[in-house]
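The values are calculated or read from the model by the stated rules, or taken from the named source; none is laboratory data. Quick caveat, the model's predicted, so the values are computed rather than measured. FYI the Cβ positions are ideal-geometry reconstructions off the backbone, even for glycines, and counts take in every protein chain you see. Each accessible area value is taken on the protein alone, full model and side chains, heavy atoms only, with ligands, DNA and RNA left out. Shrake-Rupley method; radii C 1.70, N 1.55, O 1.52, S 1.80 Å.
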Amino acid sequence: MQVRKGAATCYTLLYTQGTPDKRDSRYDANSQFASLRYSGSKCVMRDQMDYVTFDTPKLEGKADKKNQRRCCCWFWRRCCRERELRSRTIVIGQHSPEKFPANVIRNQKYNFITFLPLVLFQQFKFFLNLYFLVMATSQFIPDIRIGYLYTYWGPLSFVLTVTIFREAVDDFRRYQRDKEVNSQRYRRLVRGKDSELVPSSKLRVGDLVVVEKDQRVPADLVLLRTTERSGACFVRTDQLDGETDWKLRLAVPATQKLDSDSQLFDIKAALFVEKPQRDIHSFIGTFTRVREAMCVIEVSASVWPSELVGYEWHCVIQILPCWQHDGYGSEDSLDVENTLWANCVVASGVALGVVVYTGSETRSVMNNSQPRSKVGLLDMEINQLTKVLFVAVLGLAIIMMCLKGFSGPWYRYMFRFVLLFSYIIPISLRVNLDMGKAFYSWSMQRDKEIAGTVVRSTTIPEELGRISYLLSDKTGTLTQNEMVFKKLHLGTVSFSTETFDEVLFRKSLFEFKTSFCLSGLVTTGVHLTLQVSSHLTTAFTQQAQVESVGPSPTHKVRRSEVTRVLEAVKALALCHNVTPVYEEQEIEESHSPGSGSLESQTEADQHYWQQKQESCVYQASSPDEVALVRWTEEVSLPLVRRDLVNMHLRTPSGQILSFTILQIFPFTSETKRMGIILKVGGLNWDQLEHEINSLVLVTETLLCLQEDQSGDITFYLKGADVVMSGIVQYNDWLEEECGNMAREGLRTLVVAKKSLTEEQYLEFETRYNAARMSVSDRVAQVAAVVESLEREMELLCVTGVEDRLQDRVRPTLELLRNAGIKIWMLTGDKLETATCIAKSSRLVSRTQGLHVFKAVVTRTDAHLELNTFRKKQDCALVISGDSLEVCLQYYQHEFLELACGCPAVVCCRCSPTQKAEVVRLIQRHTGKRTAAVGDGGNDVSMIQAADAGIGIAGREGHQASLAADFSIPQFSHLARLLLVHGRRSYKRSASLSQFVIHRGLIITTMQAVFSSVFYFSSVALYQGFLMVGYATVYTMFPVFSLVLDKDVSGKIALTYPELYKELSKGRSLSFKTFLMWVLISIYQGGVIMYGALVLFEDEFIHIVAISFTSLILTELIMVALTVRTWHIIMVMAELFSLALYILSLVVLKDYFDAEFIQTTDFLWKVLIITLVSCLPLYILKFLRKKFSPPSYSKLS
């Protein structure tokens, strides 16, 4: 037995022949080779070699049956059981010896082995196909054969071939899309080399992978190093959790401090990580920097055989490292901040991580459901109708046998009658429907008004016409995920974007040192241009007075307003968690020759005081903060550098203002606010005072900067108006202005400040540190200390930020709402953000109320909150994922009853699994058809669970688009996709299926009449080619041309979306319409058959000629009566089929009497029978259209 040797030199043998206790799992060799010499065995251990060899002699005897059964059970468990998820230890720089799933993304439904069995199962689970399989198989029995084999096996084989080919093409496209994603190349570090490029599918647990900026993370990683000196890295997780905020990730400190990447292979370190979990917001792991102590040899057999005597045994052993601390390293805990989950995108710098989970064990895949084969509601309804028809066939056959008598081989006659009447269930129904689906899909992709639409599943286009619930993602679906600063309100004056262009040119007049008070005012753009002109005029006309006389009382009033603008802009520039990154410097350093280290200093780290033409990108966990800081840059107060302890601003003159960060209180969903305590420093006051002596507002500028000179400490706070209103000093405008901005769809933030003395801050810091060191109830104590500081703060301003909506989102949502579709927004974003977008997108109309479901934890809380919501009328619901989970656990039926009655529902903080579960709950509770639309990887589960999954191919990736049934380039295309193409697909398929059933019913009625007249004989009325040609060449083209029919134009369908409401009721194909077609078929079949029998001549062939010709003409006329909008192809199909049949009358002399069909008797008899069968139906249709027209006809 051979074992691969690791890096260790000491070994522990788990099991050897001759051990006193064979089940003793530890027998320490500890490099003492003599202790491994056992009686009857030989052990050779060679230090510093690649392999260690153990030799055991062959023992006499054989294993008993018990051990054989044990081996068989082990093999069965190994091959068939579900893989057990377990924690793991990963050595940095080494591959894990354990086997883990391959790192591949797989959206395929089948593989090479399962393709044919699964496709056939999916087809024969339909009663229609199973019935015809039995009928076709019965034709191999000579006693009950009633025709040629091809009349049964031909149509069935065609249906199966078309289906198998379509499924193969669809799955092959999925394979190609998966292959494209799995082939994306990444840089992997290799011992002794710089790096190598490998596809993501080749990555294994333990690999060291480099992820560049804007590159997708290929697997779940623990972050080891970044290009930032601090080890920070921002990632975008919108493909994972739907949140637009950038997330801050931190590298492991011990590896970030290394000089180069190659040193990762030299250090002795290991990671312990928890077993794979679904939760994307938590992670438990440890990092240990250690020295190697010994190795353990483990035997892989899970059960030791008790009977070893008498046979030769083999086992596989594995060498694992055991570790001890090396004195300079310690065990550090790892959490979610040290991870990069698969499908995240690195937003800043370059990241280096070690792979910990791959393939099916990654967080993103575990939160996605397996793709399923979707079956349309129309297909299920037709399947039910075929069962009814089968019962009718059995009933008709039993009636015939009762009339004939159960004498002789009655069961044989009985089965022959079933075969004769089997045309009542036409196999051509599946052929026509499948071809129709393909045509609908082709029409959608060819529509120029929704260019870029791709139909990935051609089996369910009719589902688009019966949608009752639309579940939509927010980020990237309804919004563009672009934040734009729109409004700044100071209480007495409002700043907005309307006059930016008019005042930006004036900024050059104010390029003086540190007078950014006035500069900020001008470049902001006051809403009224007259006010800006007044400020400029006053400033310049009073220059002489300022120099000679000094400031007057009017100047103090001006100073107050200007100072408020300064304080507001400065607060926005300082109160945030934004970090600037200079792209050009970062790229240059990452490509510079050197040791290969991932460390680099950005331009802001080294030369932020120099004026260089470099693009600055702001990184933050909130796009709102980025929008605000970007706006402060536009008004000449940019943030130029930030690290963990300092922050630097640049004034319009280029002077650098330095601030020391004393404390940061991050934003949480509980506090709904963010705060920062800063101390001013780093301003050269003497130089500044010398330079501003010649400026206009000397006194005002001195007053603005006096705080900076004294080095006072300032506490800035910003947050939601609901919490800030109780923190700021009394005012009479905050609530009103916040309401106005909210109605405009803006996301509001209230900004305040508080000046602290040195003594006040030191006293606060003492209490804060004591609370942070508390062992019990730490969170509450820290919150209490911070809240003691948040009292009577000075209100500075209110900001309004807009999350830009996708093009034409509002009119699209209005169209869908008028069409009777209830819209639910399921998002992983915060409650405040989701509520704001619901208002701005008009998902919740202005006339509707909005009920925010309070956070509930217990059953009692959920009961009380549900009672509160039950009292609301015509009110939209906003609920978080945690509260939703509680309600569904205790009051699922009651909650769904209330939620489904709401005009709109917003579910925020939803995980991908929750989104899919909500879809399934709606389906089960209402029985209605659902559609899900999204653009991110976190929407895949929801899309696959819905009856119709629609993916948007956006800039955030194509994962949702690839997994969806339908792919569109933008949300606004959804209206035409549903209201026009969905309507047409459903209406056309309903007409097509009923007409094909009518075609089978009418010939079955004729067969029943024929058999009853001719002594209940089980003889076919039409033989051979006539039966095959009836359903194919003679009637196929006109019947299939119904896929071109349309009741209303696309323009009318979009102008009057209310027409769509009728489709969800399923009236186009119901038991009522089915019975109407049954009655029509019985009437027409009876008229044709009895008419032919009454008018036939001496020979039987005349009955065939008269009845079959009348039948073909009746079918062509019925198609014409069914058509609502004629198309040139329909006319051509009718004429072509008629010409084919006339040609057949001449060619098929075995079926028709050539002399008889040329006589006038044949013509008038056929015309009379056809007229009697069709004229009453035309009269009924005319009267119905005259006195009870359908709704769409009034609009046409």
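Just read off the accessible area of Arg145 with the full protein assembly in place, 1.4 Å probe, to the nearest 10 Å².
100 Å²
Under 8 Å for C-alpha pairs, at least 6 residues apart: give me the relative contact order for segment 180-231, rounded to a whole percent. List each step's numbers first, then the result.
Numbers: 45 pairs, mean separation 15.1, N = 52.
Worked out over segment 180-231, it gives 29 percent.
Pull up all non-local amide H partners of Leu334: gap of 5 or more, or a different chain, and H-to-H distance under 5 Å with H placed in the peptide plane.
Gly285, Thr286, Phe287
Quick one: if you stick a label point 7 Å off each Cα along the C-beta vector at Ala392 and Gln1158, how many nm between them?
Going by the 7 Å Cα→Cβ label model, 4.1 nm.
So, with +1 on the Cβ of K and R and -1 on the Cβ of D and E, and no other charges, what is the size of the charge dipole of segment 805-844 about its Cα centre, to the nearest 20 debye? All intermediate terms of the calculation are to be shown ahead of the outcome.
Numbers: 7 positive and 4 negative charges, 28 e Å.
Value, rounded to 20: 140 debye.
Which log10 I(q)/I(0) values does segment 118-205 give at q = 0.12 Å⁻¹ under the Debye formula, counting every alpha carbon as one identical point scatterer?
Here log10 of I(q) over I(0) equals -0.59.
How would you classify segment 823-911 from its alpha-carbon gyration tensor, with a ≥ b ≥ c the square roots of the eigenvalues: rounded for a/c under 1.5, else prolate if a/b is greater than b/c, otherwise oblate?
Working: a/c = 1.96, a/b = 1.33, b/c = 1.48.
The shape class here is oblate.
In what sequence, highest mean first, do 417-430, 458-471 appear when ranked by Cβ atoms within 10 angstrom?
Numbers: 417-430: 23.9, 458-471: 25.6.
Going from most to least packed, we get 458-471, 417-430.
Stretch Arg173-Lys99 to full length: gain in nm at 0.36 nm per residue minus the Cα-Cα span? Before the final figure, lay out each step's value.
Values: separation 74, 0.36 × 74 = 26.64 nm, distance 2.94 nm.
Taking 0.36 nm per residue and subtracting the Cα distance, the gain is 23.7 nm.
On full extension of the chain, what length is gained from Ser615 through Thr89, given 0.36 nm per residue of separation minus the C-alpha to C-alpha distance? Intermediate values should be presented prior to the final figure.
Numbers: separation 526, 0.36 × 526 = 189.36 nm, distance 4.22 nm.
Gain in length upon complete extension: 185.1 nm.
About the Cα centre, and with charges only on the beta carbon of Lys, Arg (+1) and Asp, Glu (-1), how big is the dipole of segment 960-1114? Nearest 20 debye, please. Before the final figure, lay out each step's value.
Numbers: 12 positive and 8 negative charges, 189 e Å.
The dipole magnitude comes to about 900 debye.
Amide H of Thr479 versus every other amide H placed in the peptide plane: which residues, excluding those fewer than 5 positions away on the same chain, fall under 5 Å?
Correct list: Gln806.
I'd like the distance between the alpha-carbon centres of segment 436-455 and segment 188-229, rounded to an integer number of Å.
41 Å
Could you tell me which of rounded, prolate or oblate describes segment 759-897, using a ≥ b ≥ c as the square roots of the eigenvalues of the alpha-carbon gyration tensor, with rounded for a/c under 1.5 and, failing that, prolate when a/b is larger than b/c and oblate otherwise?
The shape class here is oblate.
Applying 1/(1 + (r/R0)^6) with R0 = 22 Å to the Cβ-Cβ distance of Arg772 and Thr858, what FRET efficiency is obtained, to the nearest 0.05?
Details: r = 30 Å, r/R0 = 1.35.
So, using R0 = 22 Å, E works out to roughly 0.15.
Which of rounded, prolate, oblate describes segment 1041-1132, given a ≥ b ≥ c as roots of the alpha-carbon gyration tensor eigenvalues and a/c under 1.5 marking rounded, otherwise prolate only if a/b is larger than b/c? Don't skip to the answer; put the middle values down first.
Working: a/c = 5.52, a/b = 2.15, b/c = 2.57.
Oblate shape, in that a/c is at least 1.5 and b/c is the bigger or equal ratio.
May I ask you to compute the full-extension gain from Phe1071 to Lys193, defined as 0.36 nm times their residue separation minus their alpha-carbon distance, rounded to one decimal in nm? Let's see the in-between values first.
Details: separation 878, 0.36 × 878 = 316.08 nm, distance 7.26 nm.
So the chain would gain 308.8 nm between Phe1071 and Lys193.
Among Lys247/Lys374; Lys109/Lys915; Lys202/Lys374; Lys679/Lys854, which pairs are too far apart, with a Cα-Cα distance over 29 Å?
Violating the 29 Å Cα-Cα cut-off are Lys247/Lys374; Lys202/Lys374; Lys679/Lys854.
For segment 376-482, what is the accessible area per residue in Å² when the probe is 1.4 Å?
Details: 3730 Å² over 107 residues.
Here the per-residue accessible area is 35 Å².
Round to the nearest 0.05 the FRET efficiency obtained for Asp266 and Lys679 when R0 = 30 Å and r is the Cβ-Cβ distance.
Working: r = 42 Å, r/R0 = 1.40.
Result of the calculation: an efficiency of 0.10.
Rank these residues by their accessible area, most exposed first, probe 1.4 Å: Ser883, Ser282. Write down the numbers at each step before the final one.
Numbers: Ser883 0, Ser282 45 Å².
Largest accessible area first, the residues go Ser282, Ser883.
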